[in-house]
Amino acid sequence: MRTCFLVAILAGLLTAGCTAPTTRMGPFMMRNYVWVGKRMERVKTPYVIDARHGRKHVLLIGCNHTRDTASPQFVVIQQQFRKLQPQVAFNEGGQLDPAEQYATVQEGISRNGETGVMKYLCDRTGIQLLNGDLAEHVEFPLMLHKYGKDDLLLYYVMERLVVPYLGGAYGSQSFESLYEKAIPDWFVKSGLPLSANEQTLGYFKALYQTKIGRPFTLTLSEDIEKFDYVNGNGCYYCALGRTSKMTRDSVLLAKIDQALDKHDRVMVTFGHGHALAIEPALRQVVRRRR
């Protein structure tokens, strides 16, 4: 990864609390996540960014994270894929096993949403689908330079387990079984240093009581606002969330930039909040002289 992008990541850590409409991250101009959050509900999804310069062409599809096979966004993804005929593609959320394949596009959707569609399409056209995200084993140690592990545990459990679970992202399994598997497999193995006791749901509930001031309940209560990156005005965990997202965005931009050194056509599916945030920077990347 080029030095300028490492600078951009560090800049994101330092400026994530900024509330101006745009924020400079190293060489890039990014939209601030407070601004993004206030506009997300008014933006129709999928949010398609078509960035081109000369032979270089990037399509970024900003998606809702859903596994509803009837969602029209999956038709748009397939149409845009066929139109662009990408030479490489990127997904959000980690590297998929190349050996895992889906028999139909509907199976891809039901098992992995927009990433499942991309995997199905990439497998059938013989191109690579690569992780466009920041690997947790990099993200957690990086975030530990600014935040304590208890604060990171509280935020990431709310963002990556509680809110998606309540939205149906993890199917019918119990929250307890999800938590028991996710903490060691997704968090500890990726660099969040938690003792055996700190990995328990009981520890999380006690931590929630201490930090938030009331018992944890598995509901979309008003406490969710304390973890929503769209909120400014000194909201501590909201600022932590913005730091995480901006850091991930810097890595995505670096990977797209490196892909454009070798390829002319690149396709990306990511959450539509990320798409709104990085749109100005993505156009800068595509225009960069190579």
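Read-outs: derived from the displayed coordinates by stated rules, not from any lab. Computed from a predicted model, the values in this text were never measured in an experiment. Ideal geometry is used to build each Cβ from the backbone, glycine not excepted, and the neighbour counts take in all protein chains shown.
Numbers below:
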quantity	calculated
Convex hull per residue volume in Å³, alpha carbons only, for the range 164-251	131
Under 5 Å, built H, 5+ apart or other chain: amide partners of T200	none
Which of P164, F175, T115, positive extreme of dipole for the chain (C-beta unit charges)	T115
Nearest-20 debye value, the chain charge dipole, Cβ charges on Lys, Arg, Asp, Glu	1380
Ellipticity estimate at 222 nm from DSSP helix runs (n ≥ 4, -39,500 (n - 2.57)) divided over the chain, nearest 500	-15000 deg cm²/dmol
Alpha-carbon gyration tensor eigenvalues x 5, square-rooted, for the chain, Å	30, 23, 18
Cβ-based net charge around R248, under 10 Å, with every Lys or Arg adding one and every Asp or Glu removing one	-3
Size descriptor, Kirkwood hydrodynamic radius, that averages inverse alpha-carbon separations across the range 70-193, Å	16.3
Cross-link pairs beyond the 32 Å C-alpha cut-off, checked among K146/K181; K205/K255; K119/K245; K38/K146; K44/K205; K44/K226	K205/K255; K44/K205
Anchor K83: aspartates and glutamates whose Cα lies under 18 Å away (excluding residues fewer than 8 positions away in-chain)	D50, E114, D123, D264
Proximal charge balance of L218 [Cβ under 11 Å; K/R count +1, D/E count -1]	0
Positive-end residue, the chain charge dipole about Cα centroid, Cβ charges, pick of F81, A51, S195	A51
Dipole of the chain, positive direction: furthest Cα of F227, A275, V105, with charges on the beta-carbon	A275
